[in-house]
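FYI, it's all coordinate maths here, none of it is from the lab. Everything numeric in this text was worked out from a predicted model, so none of it was measured. Neighbour counts are summed over all protein chains in view; Cβ atoms, including those assigned to glycine, are modelled from backbone coordinates with ideal geometry.
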Amino acid sequence: MTDQAPQTAKSPRQRGSTAQMVYDQLKRSILELTLTPGSPLDEVSLSEQFDMSRTPIREALVRLVAEGLVRTLPNRNTVVAAIDFEQLPVYFEALALMYRVTTRAAALHRQAPDLVEIRRFEAAYAEAVDRRDALAMIQANRDFHMAIAMAGGNFYFTGLFDRLLDEGRRILRLYYRSFDDRLPAQYVEEHARMVAAIEARDTETADRLAAAHADQIVRQIQSYIRREGVIDTLLGDRLP
C-alpha cells in the first residue's frame, strides 16, 4: 500500500491570487454600478458565490473599504458605499480646482521624464476610448491626471487630488454612460491640448484648458443625473 501525498495548504501566492480575483470582480461590479450603492456584501454569501473560503473574501473587502468603495457599518455589516449626491456641488468645486492647480503646477515644474509618463497615460486613455472600455477609461484618466499632479511636485496637491479622483470613479462612470461609452473625439483632444501646454510651460493656457476640461465634465454629469429616474435607478429602495 502506497502512502498518499499529504494535502498541502494553499501558498500565500495562491491565496493572494484568489483575493485579487474577488477584488477585481467586486470592484468592476461596483464601478459599473451593477452593485448599486447600499448593496449588502455578506462574506458568507460571497464565499458561496465565488466557491472559496471567507479569508480571500475578507481580504478583498478590506482593500475595497480602504479605497472608499465599500463601507463597514456599526453593526459590522458591509455594504457598497453610498454616493452622496447632495454633496456633489462641493465635490465638483474641489475637483475643478485641483484640475486647475495641478495642471498649472505641471506646466511650471515639469521635467522631461514627467512628460514621458503623462504621454504614456494619455495614449492609454485614447486607446481605452477607442475600445469603449469604460473601466479602462476611468483608470487611465486617473493615471493621466495623477501623472500631471506628480509633475507639479506638490505632494499636498497630489494627495488631495488622489483622494478626489478615487472618490469620483463611479461619478465618472456616469459621465461615460451619458455618452453610451462613445466619448466624442473632442474630449480626448482636450487631454492632448493640456499636454501641449504643459510641455510648452504655458501656465496660463494650462490653467484655462484644465478649467474648461473640468467644466464640461461637471456640466455633462449634472445634466445626466438630473434626467428622470437616474438617481432612483442607482439607489432603488435604499433612498431615504
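One table, with the values for the structure above:
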item: R0 of 22 Å, Cβ-Cβ distance residue 67-residue 32: FRET efficiency to nearest 0.05; result: 0.90
item: Label zone at residue 87 (point 7 Å along Cα-to-Cβ), backbone N below 16 Å, region 153-194; result: 160-172
item: Separation in nanometres of the label points that stand 7 Å from Cα toward Cβ, at residue 226 and residue 188; result: 2.9 nm
item: Karplus (6.51, -1.76, 1.60) ³J(HN,Hα), θ = phi - 60°, over region 164-175, in Hz, Gly and Pro reported as x; result: 5, 5, 5, 5, x, 4, 6, 5, 5, 4, 5, 4
item: Residue-averaged [θ]222 nm for the chain, counting only DSSP H segments that reach four residues, each worth -39500 (n - 2.57); result: -23500 deg cm²/dmol
item: Among 224, 118, 172 the positive-end extreme of the charge dipole of the chain (Cβ point charges); result: 118
item: Dipole magnitude (debye, nearest 20) for region 85-235, charges at Cβ of Lys, Arg, Asp, Glu; result: 60 debye
item: For region 59-125 versus region 193-223, the gap between their alpha-carbon centres in whole angstrom; result: 17 Å
item: Mean separation of Cα contacts under 8 Å, 6 or more apart, over the residue count of the chain: relative contact order %; result: 22 percent
item: HN-Hα J in Hz across region 121-129 - Karplus 6.51, -1.76, 1.60, θ = phi - 60°, x for Gly and Pro; result: 6, 4, 5, 4, 5, 4, 5, 5, 5
item: Rounded to 10°, Cα long-axis angle of helix 88-109 versus longest principal axis of the chain; result: 60 degrees
item: Sorted by Cβ density within 10 Å, fewest first, the residues 145, 213, 191, 109; result: 109, 213, 191, 145
item: Using alpha-carbon coordinates, inclination of helix 185-199 to the longest axis of the chain, degrees; result: 70 degrees
